[in-house]
Amino acid sequence: MDKEIKNKIEKLKEMGMDEKRLHALIMLGFEDFLDEVEQDLIEASQSDLDLLLSELENAKSEDMKSEEAAIVLRDMLRKVYGINAENKWNTFLLGYLDQCVEEGAAIQDFLAKLKNDDPEALKQVIAAQQDPDFEAAKAAVEAASKLE
């Protein structure tokens, strides 16, 4: 499964995602994963949770590549869950990265249609601009793009 995860990460790189964004994506995925296993973590001992938080801080380091962060997070979970951690994390991460690849491909397809003045894509843009949340979403995207 590690190879499948690595392939998904490579696919996202091919789609234009840089290492910094990939790392952030892995960390967001881990937050989602923690939400899913919250009850398990409530039952973990305090020393396990302290170790988990310490390792999480290490994984947040921007010096660490996305693949390395995924492995550190998996190993950290193994300490809390035992042998089942690897399968739980890898299964979740693979599904999460699959979804990211699918959404990225859909965005690339939409942008290509928009570039070619596809009438349906243009209708979608006009409809989006009429949405009451459009300005807030636009501001959020612009703010995120300035973080580069």
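The values are calculated or read from the model by the stated rules, or taken from the named source; none is laboratory data. Remember, predicted model here, so these are calculated numbers, not experimental data. For neighbour counting, all protein chains shown are included, and Cβ atoms are generated from backbone atoms with ideal geometry for every residue, glycine included.
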Counting only residues that are under 25 Å from the mean Cα position of the chain (by Cα) and aliphatic (A, V, I, L, M), the stretch 120-136 contains a total of 2
With respect to Asp75, is the statement that it is acidic (Asp, Glu), in contact (Cβ under 8 Å) with a residue 12 or more places away in the chain and either in a helix (DSSP H, G or I) or within 23 Å of Glu14 (Cβ to Cβ) (or both) true?
-> yes
Give me a count of the residues in the stretch 1-24 that are closer than 15 Å to Glu68 by Cβ and free of Cβ contacts under 8 Å to residues at least 24 places away in the same chain.
-> 3
Are there any pairs with C-beta distances below 8 angstrom linking a residue in the stretch 98-119 that is in contact (Cβ under 8 Å) with a residue 12 or more places away in the chain to a residue that is surrounded by 12 or more Cβ atoms within 10 Å (Cβ to Cβ) and not in a helix (DSSP H, G or I), with the two at least 6 apart or on different chains, and if so which?
-> Val101/Met15; Gly104/Met15; Gly104/Met17; Ala105/Met15; Gln108/Met15
Residue check for Ser54: at pLDDT below 75, hydroxyl-bearing (Ser, Thr, Tyr) and either farther than 24 Å from Lys13 by Cβ or within 18 Å of the chain's Cα centre (by Cα) (or both) = no
Identify, from the list Glu38, Glu43, Glu31, the residue that is loosely packed, with under 12 Cβ neighbours inside 10 Å, at pLDDT 85 or above and more than 18 Å from Gly104 (Cα to Cα).
-> Glu31
Determine, yes or no, whether Ala140 is at pLDDT 90 or above, out of contact with any helix residue (DSSP H, G or I) (no Cβ under 9 Å at 6 or more places or on another chain) and surrounded by 10 or more Cβ atoms within 10 Å (Cβ to Cβ).
-> no
Of the conditions (1) touching a Lys or Arg at 6+ places or on another chain (Cβ under 9 Å); (2) over 20 Å from Glu10 (Cβ atoms), Leu93 fails just one. Which one is it?
-> (2)
Just name the residue that is surrounded by the most Cβ atoms within 10 Å (Cβ to Cβ) out of those in the stretch 75-118 that are at pLDDT below 90 and of a type in the set (A, V, I, L, M).
-> Leu77
